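The values are calculated or read from the model by the stated rules, or taken from the named source; none is laboratory data. Because the structure is a prediction, the values reported are computed rather than measured. Ideal geometry is used to build each Cβ from the backbone, glycine not excepted, and the neighbour counts take in all protein chains shown. Protein only, heavy atoms only, side chains kept; ligands, DNA and RNA dropped before computing areas. Shrake-Rupley method; radii C 1.70, N 1.55, O 1.52, S 1.80 Å.
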Amino acid sequence: MRKFLVTLLTFACLGFVKASETGFLMPVPQSVSWGQGFLQIDSSFAIVVEGVDSGRSSHAAARILARLSKETGIRFSPPPAKPNAGVLRIAVRNPAPLTPVLGIDESYSIAVNGQGAMLTAGNFFGVVHGLETFLQLLRLDSSGFNIPAVTIKDEPRFPWRGLLVDVCRHWIPMDVLKRTIDGMAAVKLNVLHWHLSEDQGFRIESKRFPRLHSFGSDGLYYSQDQAREVVAYAAERGIRVIPEFDMPGHTTSWFVGYPELASSPGPYSIQRTWGVFDPAMDPTREEVYEFLDGFIEEMTQIFPDPFFHIGGDEVNGKQWDSSAAVAKFKHNNSLKDNHDIQVYFNKRVSGILKRHKRRMVGWDEILHPELPNNIVVQSWRGHKALAATVQQGSEGILSWGYYLDHMRPASYHYGIDPLAGDGLELAVDQRSQVLGGEACMWAEFVTEENIDSRIWPRTAAIAERLWSPSDVADVEDMYRRLAHVSKRLAWLGLTHIASYNKMLERLTGYREINTLKTLSDVLEPVKFYERPHTRKYTQQTPLNRLVDATRPESNAAREFAELVESYLMNPTLEGRAKALRLRLIQWRENDKKLQPILSTSPLLAEVIPLSRKLTRVSQIGLDALNAMEEGSPLGDRRKGLAKALSEEQTPAAELLLMIIPPIQTLLNAAP
């Protein structure tokens, strides 16, 4: 009985109740109609698969049933020979290929009542999505675990919903990749963009050209068998895997083992810092294209997806400018500038890809009228660049606005729509050429320890933007559901919650972390690419400071801002002023308790000014609140308080104190 009560309280905290029209579903389905009653989930519950492709669907159902058992603590028995009530029946209408392809039917429908449930899908990949939705419906109330009566019809808004994972700047092990794929499947993303080569590392085995990985990876690379394992693992969860091998620039790691590919003689070594570097492939030599033909042929045996990403971005042209061979080639082929040289290179590579039955994908820089229209351009420059792609007749995907390493809040990413933005003026018949979008997890400041906290839960908001109808845009409701989904992702095995406390424990020398957590909870890392400007970073720099542990978005600061807004709308409402005061006092007093820990940890010494800043800022908030509560104008003090608050906005230890804006709001509202 005691164990049951603990479980009950745990799931009550998770919020297993139907709170609105959207419940806790994320992404929100195309159509949801709630009914009366519920389907009880107990030990007699079973999943039965009917129709074609039953083997793979049964395996997917078994995975969901195992997760359901983990979340409920219920051990499920094999289904009886003739099950009646309490069963989820899965009906699959059509067979599906072993790996998903762009544009495949991903639709499904779910109908639940008190007697049972039915999941119907056009093929296996619709089943995968439908099972994730079914699991999200689970709730706990006085009757026990159950699924509410509901009818859902669902399909994605965009066919391309991806996540780029950079494994080159910092190595990401297999187990992290697999749990990332699990998280992607949970929120219905369907493309893993695997960034496998970069100046800082070449991360896959090549049996044809073994010096690529043996010289260019520091021994940290995926074997071909491991890569095939990732492809198969992803396919079982409805996810395509698209490899990216950057060319002709960002190619230093290629040249460590094969300097003859470069436009200038070597020797070369792996880059240890971040940025845009000079080395670029030699576009004048036939041997380079022969090499690429052999390499691409080898990689297509591992990656079956029809799309192959060549990067193509940020070629600064300095090696080409200094090469006599390139200058002669440019003259002989009537090429005006380096852009023309890259177009020539891309045309040659496009022909190689066509021979191997692959379509080229690349960043904005590859777009050119001389390339075939079947290329896909990934826009990192914004909606104007995306519009240019479509207007030229090619298909495009949006990544601008979805860069996770920029440390922007979920609400920012949620507000970016591939079909709505500055400069995006498309005719109705052109809109289908926008295939979707991809979140990007660049890894300059990411390791296996903190990558989950950089991807999740914010990527779930991006996933919803790419799946759900465009009018699903209520930010407050998004955050309500995101908190729930975040906990579900943790149940699935993602470490974005657990790793935070572990990193804080290490920073304190394994002492209590409550006071450090109080500070860290209201901090965020600096935004965009500010970190490399504050100190010198290399690939070997340990990412073990508070800035590496602190979350990209402070929920505590966001909730405090909401409380301030609520208080100012109705200051007389009981409890709001008290709640504000209690939080401000807690923050003001925290430094006294935290200083003994900060002063004895070398890793936390840089945080001492931040802790004191929290005290000063909280006192300004209390001064403003007191003025409002007591009706006593701040008078001449206002200018000094405003100046002091403005000065506190400067980052410290590459961290920002995120309660400053709402305290500024309080100060502005004070008499």
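Structure above, values below:
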{"quantity": "Count of the stretch 488-520 residues which are farther than 20 Å from Val176 by Cβ and open to solvent by 60 Å² or more (accessible area, probe 1.4 Å)", "calculated": "5"}
{"quantity": "Total residues in the stretch 217-233, condition of a type outside the set (S, T, N, Q) and part of a loop (DSSP other than H, G, I, E, B)", "calculated": "4"}
{"quantity": "Selection count, the stretch 314-337, where residues are surrounded by 19 or more Cβ atoms within 10 Å (Cβ to Cβ) and either touching a Lys or Arg at 6+ places or on another chain (Cβ under 9 Å) or among the polar types (S, T, N, Q) (or both)", "calculated": "4"}
{"quantity": "Residue satisfying condition, being in a helix (DSSP H, G or I), β-branched (Val, Ile, Thr) and in contact with a helix residue (DSSP H, G or I) (Cβ under 6 Å, 6 or more places away or on another chain), within set Ile585, Ile608", "calculated": "Ile608"}
{"quantity": "Residue tally, condition open to solvent by 50 Å² or more (accessible area, probe 1.4 Å) and under 24 Å from Pro542 (Cβ atoms), over the stretch 257-272", "calculated": "2"}
{"quantity": "Residue pairs meeting the criteria (Cβ under 7 Å; at least 6 apart or on separate chains; first within 19 Å of Glu629 (Cβ to Cβ) and without any contact (Cβ under 8 Å) to a residue 12 or more places away in the chain, in the stretch 555-569; second in a helix (DSSP H, G or I) and open to solvent by 40 Å² or more (accessible area, probe 1.4 Å))", "calculated": "Ser566/Arg576"}
{"quantity": "Of all residues in the stretch 335-351 being more than 32 Å from the chain's Cα centre (by Cα) and among the aliphatic types (A, V, I, L, M), the one that is farthest from Lys318 (Cα to Cα)", "calculated": "Leu335"}
{"quantity": "Filtered residue count, the stretch 390-420, keeping only those that are acidic (Asp, Glu) and closer than 19 Å to Arg481 by Cβ", "calculated": "1"}
{"quantity": "Qualifying residue in the stretch 322-330 (condition: part of a loop (DSSP other than H, G, I, E, B) and in contact (Cβ under 8 Å) with a residue 12 or more places away in the chain)", "calculated": "yes"}
{"quantity": "Any hit, the stretch 199-214, residues being at negative phi, in contact with a Lys or Arg (Cβ under 7 Å, 6 or more places away or on another chain), open to solvent by less than 20 Å² (accessible area, probe 1.4 Å) and in contact (Cβ under 8 Å) with a residue 40 or more places away in the chain", "calculated": "yes"}
{"quantity": "Every residue from the stretch 525-555 that is under 20 Å from Leu504 (Cβ atoms) and part of a helix (DSSP H, G or I)", "calculated": "Arg531, Leu546, Val547, Asp548, Ala549, Asn555"}
{"quantity": "Conditions (1) farther than 20 Å from His309 by Cα; (2) of a type in the set (Asp, Glu); (3) surrounded by 24 or more Cβ atoms within 10 Å (Cβ to Cβ): number failed by Asp182", "calculated": "(3)"}
{"quantity": "Extreme residue, farthest from Val522 (Cα to Cα), among residues of the stretch 556-578 that are in a helix (DSSP H, G or I) and open to solvent by 70 Å² or more (accessible area, probe 1.4 Å)", "calculated": "Met569"}
{"quantity": "Options Glu444, Glu464: the member that is under 19 Å from Arg531 (Cβ atoms), among the acidic types (Asp, Glu), touching a residue at least 24 places away in the same chain (Cβ under 8 Å) and open to solvent by less than 40 Å² (accessible area, probe 1.4 Å)", "calculated": "Glu444"}
{"quantity": "Conditions (1) out of contact with any helix residue (DSSP H, G or I) (no Cβ under 7 Å at 6 or more places or on another chain); (2) within 30 Å of Arg63 (Cα to Cα); (3) among the aromatic types (Phe, Trp, Tyr): number failed by Tyr529", "calculated": "(2)"}
{"quantity": "Filtered residues of the stretch 215-236 (kept if surrounded by fewer than 21 Cβ atoms within 10 Å (Cβ to Cβ), within 30 Å of Asp278 (Cβ to Cβ) and either in contact with a helix residue (DSSP H, G or I) (Cβ under 8 Å, 6 or more places away or on another chain) or free of Cβ contacts under 8 Å to residues at least 12 places away in the same chain (or both))", "calculated": "Phe215, Gly219"}
{"quantity": "Pair list, Cβ under 6 Å, 6 or more apart: the stretch 93-119 residue farther than 26 Å from Val150 by Cβ, other residue open to solvent by 50 Å² or more (accessible area, probe 1.4 Å) and part of a loop (DSSP other than H, G, I, E, B)", "calculated": "Pro95/Val52; Thr99/Pro304"}
{"quantity": "Long-range neighbours under 9 Å by Cβ, at least six apart or interchain, first residue open to solvent by 20 Å² or more (accessible area, probe 1.4 Å) within the stretch 273-295, second of a type in the set (Phe, Trp, Tyr) and modelled with pLDDT under 95", "calculated": "Trp274/Tyr529"}
{"quantity": "Residue match in the stretch 237-256 (condition: open to solvent by 20 Å² or more (accessible area, probe 1.4 Å), farther than 27 Å from Trp380 by Cβ, outside any strand (DSSP E or B) and touching a helix residue (DSSP H, G or I) at 6+ places or on another chain (Cβ under 8 Å))", "calculated": "no"}
{"quantity": "Test: residue in the stretch 485-493 that is without any contact (Cβ under 8 Å) to a residue 40 or more places away in the chain and either touching a Lys or Arg at 6+ places or on another chain (Cβ under 6 Å) or closer than 30 Å to Glu132 by Cα (or both)", "calculated": "yes"}
{"quantity": "Qualifying position, being among the β-branched types (Val, Ile, Thr), in contact with an Asp or Glu (Cβ under 7 Å, 6 or more places away or on another chain) and on the phi < 0 side of the Ramachandran plot, among Thr572, Thr550", "calculated": "Thr550"}
{"quantity": "Looking only at the stretch 636-657, and only at residues there that are open to solvent by less than 50 Å² (accessible area, probe 1.4 Å) and either aromatic (Phe, Trp, Tyr) or assigned to a loop (DSSP other than H, G, I, E, B) (or both), the one that is farthest from Arg588 (Cα to Cα)", "calculated": "Glu654"}
